[in-house]
Amino acid sequence: MKKVLVLMLMVCFMAVMAAPIVATGSDTININTASVDELTQLQKVGPKTAENIVAYRDANGPFKTVDDLKNVKGVGDKILELNKDRMTVGKQ
């Protein structure tokens with residue numbers, strides 16, 4: 001009986017720990033409409049970089065491609081590579 005209980009607790013623990021990874025990995029963020037808070041959900045994007053993205057978008061209009069983020073201060077190849085499957089520019 002103890003073994004069954006321990007096994008059930010382990011399965012529940014693993015499910016709880018994996019849930020944020022699954023949820024985070026599946027959300028697509030539209031960089032043309034996302035708020036600062038939404039942009040900080042991307043890997044290696046903190047509040048300052050997210051603010052830079054929004055400011056750039058406000059000043060220059062919507063991004064045509066995700067690669068256009070390279071024009072934003074603080075965004076480079078590493079951030080694009082880490083998040084390429086989670087970002088979109090929406091329908092153009």
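Of all the criteria given as (1) loosely packed, with under 10 Cβ neighbours inside 10 Å; (2) modelled with pLDDT under 95; (3) of a type in the set (Gly, Ala, Ser), the one not satisfied by ALA15 is (1). In the stretch 18-34, the qualifying residues are those that are among the small types (Gly, Ala, Ser) and over 20 Å from LEU80 (Cβ atoms), and the one that is modelled with the lowest pLDDT is ALA23. Note on the stretch 56-92: residues that are over 16 Å from the mean Cα position of the chain (by Cα), among the hydrophobic types (A, V, I, L, M, F, W, C) and crowded, with 16+ Cβ neighbours inside 10 Å amount to 2.
Of the conditions (1) surrounded by 14 or more Cβ atoms within 10 Å (Cβ to Cβ); (2) modelled with pLDDT under 95, ILE53 clears all except one; give me its number. Checking ILE53 against (1) surrounded by 14 or more Cβ atoms within 10 Å (Cβ to Cβ); (2) modelled with pLDDT under 95, the one that fails is (2). The test for being outside any loop (DSSP other than H, G, I, E, B), under 16 Å from the mean Cα position of the chain (by Cα) and exposed (fewer than 11 other Cβ atoms within 10 Å of the Cβ) does not hold for LYS48.
Here is a yes/no grid of residues against (1) in contact (Cβ under 8 Å) with a residue 12 or more places away in the chain; (2) acidic (Asp, Glu); (3) under 13 Å from ASN32 (Cα atoms):
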site: VAL45; (1), (2), (3): yes, no, no
site: THR49; (1), (2), (3): yes, no, no
site: ALA55; (1), (2), (3): no, no, yes
site: GLY61; (1), (2), (3): no, no, yes
site: VAL66; (1), (2), (3): yes, no, yes
site: VAL75; (1), (2), (3): yes, no, no
site: GLU81; (1), (2), (3): no, yes, no
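The values are calculated or read from the model by the stated rules, or taken from the named source; none is laboratory data. Keep in mind the model is a prediction, meaning the values are calculated, not measured. Note: ideal-geometry Cβ built from the backbone for every residue, glycine included; neighbour counts use all protein chains shown.
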